[in-house]
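Single-structure report; data block below.
Derivation of every value follows stated rules applied to the coordinates shown; laboratory data play no part. Computed from a predicted model, the values in this text were never measured in an experiment. All Cβ positions, even for glycine, are placed from backbone atoms using ideal geometry, and neighbour counts span all protein chains on display.
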Amino acid sequence: MGIFIVLEGIDGAGKSTQAKLLAKWFEKRGYEVVLTKEPTDTAFGKLIRRLVLTGGREGIIDGAKISHEAEALLFAADRAEHVKKLIEPSLKAGKVVISDRYFYSSLAYQWARGLDLEWLINLNKFAIRPELVILLDLPVKESMKRINGRKLKSEFDKIAELQKKVRENYLKLVEMFPEMKIVNALASIEDVHNDIVALVEHEILSKKE
Ligand SMILES: Nc1ncnc2c1ncn2[C@@H]1O[C@H](COP(=O)(O)OP(=O)(O)OP(=O)(O)O)[C@@H](O)[C@H]1O
Ligand SMILES: Cc1cn([C@H]2C[C@H](O)[C@@H](COP(=O)(O)O)O2)c(=O)[nH]c1=O
């Protein structure tokens, strides 16, 4: 079996930056790496981005607002395809799978939208658990600075409010899922990378020797 690692955190926490650095770190050591993300790059994931992540992240399809339940089901459907078609086969082939977001994003974000946490956990029960989930924790003020250029001014306050709830939710999830470890994402890109590598060595590689 391979190694399954997930990076989580609020928007702009540095997940994709760190996922790429970690993939390079493993590749240098001779591992075959699959770098992936959710929503995925498949037709299903692209559909979700178009349907759910447009219209000020209000979940709008053809001009009509969809329910948060339907939104959670769309993310879960994309994840089911991700797990069955990419993650499980790659792990069986002995590869390192690094995913930028996974079901913890559904728990943190869709819970922040008002859905029941137990309902979300049950919905995502099919998703195999990773060995390590790195939670890149960052104050919302800093994340908003990092992503500001990407957002419309009118969306700014609404997004900041949601991100605050999402950050709190992630910190609560750490208490429930022992595979989740917090890394201070305020540090420099290099220091964050070093902290992640230390966790990978301690939580995964030392246990495989
Ligand atoms: N430790 C850091 N310090 C300062 N800037 C950073 C740091 N890590 C990443 N950045 C910058 O912050 C921005 C967001 O980073 P990145 O895209 O990696 O975050 P993300 O968590 O993947 O975002 P999203 O969830 O919105 O896709 C980028 O411009 C990146 O260069
Ligand atoms: C997997 C997943 C994602 N989301 C949200 C979180 C972000 O706001 C976007 C993805 O954007 P990114 O720039 O690609 O990180 O989608 C969610 O609400 N629920 C999920 O399960």
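Quick look at the values:
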| item | result |
| --- | --- |
| Two-site FRET efficiency, F177 against K145, from Cβ-Cβ distance with R₀ of 45 Å, rounded to 0.05 | 0.95 |
| Charge dipole of the chain about the Cα centre (unit charges at C-beta), most positive-ward option of I147, A19, A112 | I147 |
| Helix-only mean residue ellipticity at 222 nm for the chain, each DSSP H run of n ≥ 4 adding -39500 (n - 2.57), per residue, nearest 500 | -15000 deg cm²/dmol |
| Distance in nm between pseudo-label sites at E118 and S188 (7 Å out along the Cβ direction from Cα) | 4.8 |
| Separation in nanometres of the label points that stand 7 Å from Cα toward Cβ, at S67 and A43 | 2.7 |
| Calculated P(r) of the chain - Cα pairs past 32 Å, % | 14 |
